[in-house]
1. Would you pick out the residues in region B:130-161 that are basic (K, R) and modelled with pLDDT under 75?
2. Just a yes or no: is a residue in region B:305-315 of a type outside the set (D, E), modelled with pLDDT of 85 or more and surrounded by fewer than 24 Cβ atoms within 10 Å (Cβ to Cβ)?
3. From (1) more than 21 Å from B:A49 (Cα to Cα); (2) not in a helix (DSSP H, G or I), pick out the condition that doesn't hold for B:P69.
4. Kindly evaluate A:Q44 against the criterion of being more than 9 Å from chain B (Cβ to nearest Cβ) and closer than 18 Å to A:V209 by Cβ.
5. Within region B:165-188, can you find the residues that are modelled with pLDDT under 85 and either β-branched (V, I, T) or not in a helix (DSSP H, G or I) (or both)?
6. Could you pull out the residue among B:T395, B:T481 that is touching a strand residue (DSSP E or B) at 6+ places or on another chain (Cβ under 9 Å), away from chain A (no Cβ under 14 Å), among the β-branched types (V, I, T) and over 25 Å from B:V296 (Cβ atoms)?
7. Looking at B:A298, B:A294, B:A288, B:A322 in this structure, which one is out of contact with any Phe, Trp or Tyr (no Cβ under 9 Å at 6 or more places or on another chain), surrounded by 24 or more Cβ atoms within 10 Å (Cβ to Cβ) and in a helix (DSSP H, G or I)?
8. When residues of region B:326-382 are filtered for being within 30 Å of the chain's Cα centre (by Cα) and among the charged types (D, E, K, R), how many remain?
Amino acid sequence: MSTQARPAPTQESSGGPALLEARGVTMRFGGLTAVSSVDLEVRQGEIVGLIGPNGAGKTTFFNCLTGMYQPTSGTVVYKGATLSSKPYLVTSAGIARTFQNIRLFPNMTALENVMVGRHSRTSVGILSAIGRGPKYRREERESDERGRELLAFVGMDGTADMLAKNLPYGDQRRLEIARALASDPGLLLLDEPTAGMNPQETREASVLVRKIRELGIAVVVIEHDMRFIFGLCDRVAVLVRGQKLVEGTPDVVQSDERVIAAYIGEPAAPDSPEETLS
Amino acid sequence: MSTATAPALGATSRSGVLDRVDARVQAAVPDRLARPVVAVAALATAASAFLAWAYSGSFPGNLTVYGYPGGAQVYVVVLAALTAVVAVVGPTPAGRRFLPAGTTGAVRVLSFGTVAIVLFTVAAIAVEGGGLVWVVWGGFLAVVLALLLLAAGRALRPDERRFRPGVHPAPVEFVVIGLVLGAALFAFVEALAIAEPPVFAAYAIAVATGVVAASRVGWGRVIGAMSGRHSGVTVTAAFLMAAAFPFTQGADNRWLNVAANIGIFATVAIGLNIVVGLAGLLDLGYIAFLGVGAYVGALLSGAAASTIGWHPPFLVIMLLGAASSALFGIIIGAPTLRLRGDYLAIVTLGFGEIFRITVNNLDGSSGPKITNGPNGIPGVPDLKMFGFDFGQPHTIFGVELGYFANYFFFELLLMVFVVIVFVRANASRIGRAWVAIREDETAAAAMGINTVRLKLLAFAGGATLAGMVGTVQAHVTSSVTPDQYQFINSAFLLAAVVLGGMGRVQGALLGSVLLLLLPEKFRFFADKQLLFFGLALVLMMRFRPEGLIPNARRAREFHEHDDEADALGAPPGAPVAHATKVDRL
C-alpha cells in the first residue's frame with residue numbers, strides 16, 4: 001500500500017459510480033449558515049467546478065469535505081465509506097487539497113514539501129528511522145523519487161532544493177498541487193488554483209489539471225476565473241449564499257439567468273442581499 | 001571612491017555614519033597606500049604592548065614590565081600582528097589562494113578585536129587600581145595606536161571577491177578537519193587554564209575575533225564545505241576530541257566536574273532541541289523530565305536516604321528512568337498538545353512547577369514519604385557498572401584521570417546516542433512531519449499528518465531522553481533535590497538551544513558550553529548571571545536571531561538577502577531580514 005502506483009487512467013470520465021457523494025452538507029457557525037444542505041456528486045476522473053460569488057461558502061464546503069470542519073449535518077461518502085472529520089484520515093482515505101491562500105511549509109525545500117505529502121503513504125516508525133532499517137531506506141528512496149517525479153510532473157524540475165518561500169508565486173501554487181498529489185489521491189480539491197496568476201500561467205494551470213485528470217484523479221476546483229472554469233470542467237456547480245443554485249454542464253450554467261443574477265444582481269430587487277461571509 | 005555596500009561584509013544595513021567615516025578615510029588614504037598604512041599601524045600597536053601599561057604589579061599578567069608583554073598584552077600582540085600579516089598578504093597570490101573571500105573584512109574584525117582588548121584592559125587597570133592614574137603612558141599609547149589601526153582598517157576597499165570552496169583530496173580535507181577540531185580543543189583547554197578573569201576576558205575576545213576573522217576570509221565556508229562532504233568523519237573526530245579532553249586535565253577534577261555537568265546539560269539540550277527546534281513545541285517545563293529521571297535514579301541507587309530498597313543494575317535504572325519520564329510526558333502531553341503556541345508554553349510551564357512542588361511535598365508530612373521533600377536524596381553513591389567503579393580515578397593510556405572523567409566518558413556515549421536519535425529522526429518522514437507541524441499545523445494535518453500523535457511523539461521522545469540522562473545526573477551531582485528542577489533551569493536549557501541555534505546539534509552543544517563555562521570563569525557573574533544572560537539573549541535576538549550556529553535552513557530564513565549565510569560565514573552583525581519569526585519560536 002505504501003508503494004501504491006498512480007491510479008490507472010479511467011476510460012470513461014462520467015457516468016461511472018460516484019467517487020464522492022456529499023449529501024445535505026450543512027455548516028452553521030452560531031446563527032450563521034455558511035453552507036446549507038448542499039449535495040455534490042463527483043465521479044471518477046471528472047473535473048467539477050465550484051463557483052459562486054465571494055462568501056458563497058465554497059471554501060467552507062471544501063473544509064467540510066476534508067474534515068477540517070465537522071459539518072453540522074449531512075454526510076460525505078468517499079468510495080462508499082463515510083469520511084471522518086479528521087483531516088489526516090481524509091487525506092489517507094484519498095482526498096487531497098490545496099489552499100486558497102498558499103499554505104506551503106515555507107522553510108522546507110520544494111522536495112521536502114512534496115515528501116511531507118507522502119506521509120500518509122509511508123509508514124516507517126521512529127524506531128526504524130533511528131535504526132535506519134531496510135524499510136526506512138526503501139521508503140525514503142521511494143519518497144524521494146516520487147517527490148522528484150511529481151515536481152517534474154507539475155513542471156518544476158530543478159527547483160527541488162529551493163526553499164518553498166523563495167519560489168516564484170506560480171511555482172508555489174504548482175508546488176501545492178504536487179504536494180497534494182504526493183498522497184496518491186483519488187480526488188483532488190483545488191481552492192482557487194489560478195488566483196493571482198497571469199493569463200499564461202492560468203492556461204498552464206488548466207493544462208496541468210487536465211493532465212491530473214488523465215491520471216484518473218477526479219478534480220473539484222473552486223475558481224473565479226470563468227473562462228478557466230467553463231473551458232475546463234465537465235460539470236459546474238454554482239453556490240450562492242451557502243446553497244447550491246444550479247448544477248450542470250458549463251453551457252447550461254453559463255446561460256442560466258439565476259446565475260447571472262447572482263453574479264451581477266437583479267436590477268429591480270428591493271433588498272439585494274449583500275455577501276458578508278468571507 | 002565608491003562606498004558601495006559590500007555584500008560579503010553583510011554591510012547592507014550599515015549605519016550612515018560608518019559609511020561617511022569610510023568615505024572620509026578612503027578619500028584621505030589612496031588605495032595603494034591603504035594596506036601599508038594598516039600594517040604599520042598594526043605593528044605599532046603590537047609594539048605598544050611591549051611597553052608597561054600599569055603601575056601596579058597586582059594586575060594579572062604583570063603589565064609593569066617594559067619589553068615583555070604579559071597577560072592580555074600577549075593577545076594584543078597576536079591580534080595586531082595577525083592584522084598586519086593579513087593586510088599585507090591579502091593582495092598577493094598566496095593571499096588570494098588561502099584567503100579567498102578577501103581580507104578587508106578580516107582586517108576590520110581583527111583591528112576591532114585589538115581595540116576591544118586594549119580598551120578593556122586599560123579600563124580594567126583603571127577600575128582595579130581606582131583611577132586612570134594607575135595606567136602608564138604605554139597603556140594610553142596603546143589605546144591611541146589601536147584606534148588608529150581601527151581607523152586605518154576603514155581605508156581598505158570592501159571585499160568583492162566571491163568564491164566557491166574548492167574540493168581537495170580526501171586525506172587533505174581530513175587533516176584540515178582534524179586541525180580545526182584540534183585547535184578548538186586547544187583553545188578550550190587554554191581557556192580553562194587561564195585563572196584570572198580579566199585575562200580570560202581578553203582571551204575570549206581574542207578567540208572570538210579570530211573565529212570571526214577566519215570566517216570573513218572564507219575559511220568558514222571552506223571548512224563548512226569540507227565537513228559537509230565528510231560529515232561522518234567530522235562528527236567522529238569531534239567526539240574523539242571531546243574524549244581527548246579529560247587527558248588534558250589528568251587527575252585534576254576541577255574542570256572535569258564542570259565538563260561532566262556540561263555533558264549532562266548539553267545532552268538534555270539536544271533532547272529539548274527535538275521538541276522545540278524540530279517540532280516547534282515551546283516546552284518551558286522540560287527540566288521536570290530530567291527531574292523524573294534523576295529521582296528514579298536516586299531512589300533506586302541504593303542511597304541511604306532513598307525510600308526504596310530495591311537496587312537494580314544501572315542499565316535497568318536507566319531504562320526505568322526513561323520509561324517513567326516518557327510516561328510523565330505522555331500524561332502531560334496528551335491533554336495539552338491540542339493547544340498551540342503560547343498556550344502550550346504556559347501549560348508546560350505549569351506542569352514543570354507542579355512536578356517540583358509535588359516532589360517537595362512527598363516528604364511524609366504533606367504527602368507520602370517518597371522523596372524526602374526539600375531535603376531531597378543526598379548521598380547517591382557513585383555508579384558501578386560491570387565492576388567498573390565510577391567513583392575511582394582510573395589510569396587510561398598511562399594517564400591517571402580524575403573520577404569525573406568516568407562520568408564524562410559515559411555522558412559522551414549517551415550524547416552520541418541522543419545525537420544519533422536527533423539526526424536520524426530529523427532525516428525521516430517523522431522529522432519532516434515535525435518540521436511541517438512547526439511550519440503550518442493546519443496544512444500539515446491536511447497532508448495526512450496526525451498532528452496530535454506526532455506532537456505527542458516529539459514530546460514523549462524528548463522526555464524519554466531527558467529521563468535517561470536524569471538517572472546519570474543523579475550520580476554526577478550525588479544528591480537530588482527539588483531545587484535543581486526549578487523553572488529557571490528550563491529557561492537555561494531553552495536559552496542554550498536558542499543561543500546556539502535551533503534545530504541543530506552543534507548549536508545546543510555550543511550554547512551549553514558557553515552557558516555553563518562562563519559563570520565558572522567569571523565568579524562575579526554568579527549573582528548577576530541572569531542579568532547578563534537576559535542581555536545576551538536580547539542582543540542575540542536583535543543581531544543574530546538564528547543562533548550562533550544556525551542550521552542552513554534557519555540561516556536562510558533570517559538572512560535571505562545575504563549571499564554569505566552559511567553556517568560560519570554569516571557575520572555576527574549581519575542585518576536581520578525577518579526578526580518577526582523569532583516570537584513564534
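1. Correct list: B:R161 only.
2. If we filter region B:305-315 for residues that are of a type outside the set (D, E), which is where we start, we get B:305-315.
Cutting the leftovers down to modelled with pLDDT of 85 or more gives us B:315.
Filter once more, so that each one left must be surrounded by fewer than 24 Cβ atoms within 10 Å (Cβ to Cβ): B:315.
Yes, because at least one residue in region B:305-315 is of a type outside the set (D, E), modelled with pLDDT of 85 or more and surrounded by fewer than 24 Cβ atoms within 10 Å (Cβ to Cβ).
3. Result: B:P69 passes all but (1).
4. Numbers: more than 9 Å from chain B (Cβ to nearest Cβ): yes; closer than 18 Å to A:V209 by Cβ: yes.
Criteria met by A:Q44.
5. Matches in region B:165-188: B:P165, B:G166, B:V167, B:H168, B:P169, B:V172.
6. Details: B:T481 fails: over 25 Å from B:V296 (Cβ atoms).
The unique qualifying residue is B:T395.
7. Values: B:A294 fails: out of contact with any Phe, Trp or Tyr (no Cβ under 9 Å at 6 or more places or on another chain); B:A288 fails: out of contact with any Phe, Trp or Tyr (no Cβ under 9 Å at 6 or more places or on another chain); B:A322 fails: surrounded by 24 or more Cβ atoms within 10 Å (Cβ to Cβ).
Checking each option against the conditions leaves just B:A298.
8. 5
The values are calculated or read from the model by the stated rules, or taken from the named source; none is laboratory data. Every value quoted in this text rests on a predicted model; they were computed, and no experiment measured them. Here Cβ is always computed from backbone atoms with ideal geometry, including for glycine, and neighbour counts include all displayed protein chains.
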